[in-house]
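> The structure under discussion is supplied below as structure tokens; questions concerning it will follow.
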Amino acid sequence: MTLHMEKGGISRSARRSLWKLSYLQRKCIFSVLSVGRLPIHIAFIMDGNRRYGEQRNLKEGAGHKAGYLALMLMVIYCCELGIKYITAYAFSIDNFKRGPDKVQYIMDLMLEKIELELSKKDSLFSRYGVKVHFSGNMELLSDPIKDAAKRLMVATANNSNTLLTVCFAYTSRNEILHAIQETCQEKLAQIQLQESISEGRISMCNPGQGNDVLKLADIEKHMYMAIAPDPDIIIRTSGENRLSNFLLWQSANSCLISFSQLWPGISCWHLVWAVLNFQRNHYYLEKKKKKQI
Amino acid sequence: MHFSLQFSLPPVITALSPRSKSFSHQPHHHRIKKLTSHVPKSPLCSTTECALIHQCKEEEEEAFDGRVEDQTLPLGLRPEALPRHVAVIMDGNRRWARLRDLPVGSGYEAGVRSLRKIVELCCEWGIKVLSVFAFSSDNWFRPKVEVEFLMSLFERGMQEDTGIFLRENIRISVIGDLARLPEALQELIINLEEATKNNARFQLIVAVSYSGHYDVVQACQRLALKAKCGLIEPSDINESLIEQELVTKCTEFPYPDLLIRTSGEFRVSNFMLWQLAYAELFFAQSLWPDFGEAEFLKALLAFQKRQRRYGG
């Protein structure tokens, strides 16, 4: 693993030593964190890539490249900490509103990075046992990206340490809409089957009937995010305090944390802070639940 | 937090807000309508406060016509940048009571007073809709005595404030799984909603026995029924159809622009999940009974600074 370092003469061996040192430091901190309850699922709204690039006068798209590296580092940190589920909001359906060039750049970057990971024998995902899953309305994507995403999912299917869900062409409302459509299709098919079995019975459309057949679990199983439990923590960078149509259904009881840092600048310390906050809240919530009983 | 009785400026009472402001740091107002003598402000003097409000409102009834140009906003608030719909998770009532060695019921009653204050401010400042999370679906698991107290508090509050709602042109809507509420309360809600349905100045939406999951499930049930009756195909279902079936269809502005949660918790706790997709979130440290004008102003000023991009 090579770190992304500034140009200026740090040798490969020095970089390796620095990485080992920081790894030992993290191991020490994470072992302290592990004394308390660790979150099972952390979700990230990776906001601020464009601003990162603009602030540093980088060329178009460089901010997103930096953002990708930040995501890979965060995946490593989460794996070292023992987080079982990671979800990252990579591209919203709303982002299609951006200029076609900007959208195309992100699509090209996604394709490039997927192909890069697939080409490596010892990729980050295999080394850390990360299974990759794409959540979103994949029909909105071009065939090359759909195909590459499927290949990455297949290639990492047997990894079992951590599940990384990349939300791409995703919004929560679209996810809920899709789940409702699937649920209605399913229920309609069941009813039609029942009616065909009980021949001649006329089904009346009375308001009470809908309630008997449709429950929360029926909708939940059709969610794109049914593959993971609800997130314990949702972290958003760049100082914004909103969910932006991300995991609305699943965020009902999530601890929401906002950092002013732009996404490419996120560090292990932000993760440590988020986990500490979660542990403090979790302890309070457990106390509250016990009092209610 | 108790309001200070020290004034740096003469108290300003406008035609829309005929009460004294007793903050040590007093917001400067854009327009001065009227000066009257101030009354010491205390959370315990609700009777005196009510008497003053009634007296002044009788004198200045013609000013309550809801015209935007009559708004008197604290300095810094721009009328064009105000949220149209504010949602509030009124958290911290029980903790407030415990900190004062008071029974839990006192905390809830203090919470009601705080709500009245915020409703007044919304009316004064031109916010069109306020949604409050009064009782969650999960709250049914609280001790029975507490739940019964809350139900009676809702009933009392609605009965006592009916006159104010009618007089101030406030529309009341109650959303949630209302079939779980006591029948007397259900009837009261139906009557109050009917009586205020044409009021257009301001809408107060009270979420009782509500959760965001419940809202989406009931919308899905209604859509499933329509599909079953052949009125729509499942593939015809879109975001707009879902919105029309959510319980927030009772308002012209179903999506909150700003969500405020008090008591320092950083969660949405299953409130209006679909509707909060693009809402700006503001987490206030104070407990709900202590959340007053200063804190509300802070939340609105923070909202005005936010850059809302909607993914663009």
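The values are calculated or read from the model by the stated rules, or taken from the named source; none is laboratory data. As the structure is a computational prediction, the values presented were derived from the model and not from experiment. Cβ coordinates were reconstructed from backbone atoms using ideal geometry, including for glycine residues, and neighbour counts include every protein chain displayed.
> Starting from residues that are of a type in the set (S, T, N, Q) and over 16 Å from the mean Cα position of the chain (by Cα), keep the ones in the stretch A:230-244 and report whichever is farthest from the other protein chains (Cβ to nearest Cβ). Even if it seems obvious, please write down each step before you answer.
Step one: of the stretch A:230-244, the residues of a type in the set (S, T, N, Q) are A:237-238, A:241, A:244.
Keeping just the survivors that are over 16 Å from the mean Cα position of the chain (by Cα) gives A:238, A:241.
Values: A:SER238: 10, A:ASN241: 4 Å.
Among residues in the stretch A:230-244 that are of a type in the set (S, T, N, Q) and over 16 Å from the mean Cα position of the chain (by Cα), the one farthest from the other protein chains (Cβ to nearest Cβ) is A:SER238.
> Determine which member of the set A:SER172, A:SER135 is modelled with pLDDT of 95 or more, under 23 Å from B:SER235 (Cα atoms), in contact with a Ser or Thr (Cβ under 6 Å, 6 or more places away or on another chain) and buried (at least 17 other Cβ atoms within 10 Å of the Cβ).
Values: A:SER172 fails: in contact with a Ser or Thr (Cβ under 6 Å, 6 or more places away or on another chain).
After applying the criteria, what remains is A:SER135.
> Mind telling me which of the residues B:PHE291, B:PHE283 ends up being of a type in the set (Phe, Trp, Tyr), touching a Phe, Trp or Tyr at 6+ places or on another chain (Cβ under 6 Å) and either at the interface with another protein chain (Cβ under 8 Å from one of its Cβ atoms) or crowded, with 23+ Cβ neighbours inside 10 Å (or both)? Working first, answer last.
Values: B:PHE291 fails: touching a Phe, Trp or Tyr at 6+ places or on another chain (Cβ under 6 Å).
Selected residue: B:PHE283, the only one of B:PHE291, B:PHE283 that is of a type in the set (Phe, Trp, Tyr), touching a Phe, Trp or Tyr at 6+ places or on another chain (Cβ under 6 Å) and either at the interface with another protein chain (Cβ under 8 Å from one of its Cβ atoms) or crowded, with 23+ Cβ neighbours inside 10 Å (or both).
> Which residues, counting only those in the stretch B:274-299, are under 15 Å from B:SER131 (Cα atoms) and either of a type in the set (Lys, Arg) or modelled with pLDDT under 95 (or both)?
Selection gives nothing.
> Of everything in the stretch A:78-110, what is within 14 Å of another protein chain (Cβ to nearest Cβ) and of a type in the set (A, V, I, L, M)? Give them in sequence order.
A:ALA90, A:ILE93, A:VAL103, A:ILE106
> Is there a residue being over 22 Å from A:ILE233 (Cα atoms) and in the same structural domain as A:GLY265 (by the TED database) anywhere in the stretch A:66-86?
Let us first name the residues in the stretch A:66-86 that are over 22 Å from A:ILE233 (Cα atoms), namely A:66.
So of that shortlist, the ones also in the same structural domain as A:GLY265 (by the TED database) come out as A:66.
Scanning the stretch A:66-86 turns up at least one residue that is over 22 Å from A:ILE233 (Cα atoms) and in the same structural domain as A:GLY265 (by the TED database).
> Taking B:ALA184 as the residue in question, decide whether it is part of a helix (DSSP H, G or I) and either exposed (fewer than 14 other Cβ atoms within 10 Å of the Cβ) or in contact with a helix residue (DSSP H, G or I) (Cβ under 9 Å, 6 or more places away or on another chain) (or both). Break it down stepwise before answering.
Numbers: part of a helix (DSSP H, G or I): yes; either exposed (fewer than 14 other Cβ atoms within 10 Å of the Cβ) or in contact with a helix residue (DSSP H, G or I) (Cβ under 9 Å, 6 or more places away or on another chain) (or both): yes.
Criteria met by B:ALA184.
> When residues of the stretch B:162-186 are filtered for being under 27 Å from B:ASN270 (Cβ atoms) and of a type in the set (D, E, K, R), how many remain?
4
> Does B:GLY111 fit the bill of being surrounded by fewer than 18 Cβ atoms within 10 Å (Cβ to Cβ), at negative phi, in contact (Cβ under 8 Å) with a residue 12 or more places away in the chain and outside any loop (DSSP other than H, G, I, E, B)? Step through it out loud before you land on a result.
Numbers: surrounded by fewer than 18 Cβ atoms within 10 Å (Cβ to Cβ): no; at negative phi: yes; in contact (Cβ under 8 Å) with a residue 12 or more places away in the chain: yes; outside any loop (DSSP other than H, G, I, E, B): yes.
For B:GLY111, the condition - surrounded by fewer than 18 Cβ atoms within 10 Å (Cβ to Cβ), at negative phi, in contact (Cβ under 8 Å) with a residue 12 or more places away in the chain and outside any loop (DSSP other than H, G, I, E, B) - is not met.
> Given the options B:LEU258, B:LEU273, name the one that is at the interface with chain A (Cβ under 9 Å from one of its Cβ atoms), in contact (Cβ under 8 Å) with a residue 40 or more places away in the chain and crowded, with 19+ Cβ neighbours inside 10 Å.
Working: B:LEU258 fails: at the interface with chain A (Cβ under 9 Å from one of its Cβ atoms).
Matching residue, one of B:LEU258, B:LEU273: B:LEU273.
> In this structure, does A:LEU73 turn out to be in a loop (DSSP other than H, G, I, E, B), out of contact with any strand residue (DSSP E or B) (no Cβ under 6 Å at 6 or more places or on another chain) and modelled with pLDDT of 95 or more?
Values: in a loop (DSSP other than H, G, I, E, B): no; out of contact with any strand residue (DSSP E or B) (no Cβ under 6 Å at 6 or more places or on another chain): yes; modelled with pLDDT of 95 or more: yes.
No; evaluated as a whole, the condition is false for this residue.
> Mind checking whether some residue in the stretch B:189-198 is modelled with pLDDT of 95 or more, buried (at least 19 other Cβ atoms within 10 Å of the Cβ) and over 25 Å from B:GLU124 (Cβ atoms)?
Yes, because at least one residue in the stretch B:189-198 is modelled with pLDDT of 95 or more, buried (at least 19 other Cβ atoms within 10 Å of the Cβ) and over 25 Å from B:GLU124 (Cβ atoms).
> Quick check: is even one residue across the stretch B:220-243 more than 8 Å from chain A (Cβ to nearest Cβ) and touching a Ser or Thr at 6+ places or on another chain (Cβ under 7 Å)?
So the first thing to find is which residues in the stretch B:220-243 are more than 8 Å from chain A (Cβ to nearest Cβ), and the list is B:226, B:230-233, B:236, B:240-241, B:243.
Within this subset, residues satisfying the condition of being touching a Ser or Thr at 6+ places or on another chain (Cβ under 7 Å) are none.
No.
> If you don't mind, there's one more thing I want to ask. At pLDDT 95 or above, more than 23 Å from A:THR183 (Cα to Cα) and more than 7 Å from chain B (Cβ to nearest Cβ): is that true of A:ILE227 in this structure? Even if it seems obvious, please write down each step before you answer.
Values: at pLDDT 95 or above: yes; more than 23 Å from A:THR183 (Cα to Cα): no; more than 7 Å from chain B (Cβ to nearest Cβ): yes.
Criteria not met by A:ILE227.
> Quickly run through the stretch A:245-260 and pick out the residues that are more than 7 Å from chain B (Cβ to nearest Cβ) and over 7 Å from A:ILE234 (Cβ atoms). Talk me through it step by step, then tell me what you get.
Quick first cut of the stretch A:245-260, residues more than 7 Å from chain B (Cβ to nearest Cβ) only: A:246-247, A:250, A:258-260.
If the condition is that a residue be more than 7 Å from chain B (Cβ to nearest Cβ) and over 7 Å from A:ILE234 (Cβ atoms), then A:PHE246, A:GLN250, A:SER258, A:PHE259, A:SER260 are the ones that fit.
> Is there a residue being closer than 17 Å to B:TRP274 by Cα and in a loop (DSSP other than H, G, I, E, B) anywhere in the stretch A:257-270?
To start, the set of residues in the stretch A:257-270 that are closer than 17 Å to B:TRP274 by Cα comprises none.
The answer is no; no qualifying residue exists.
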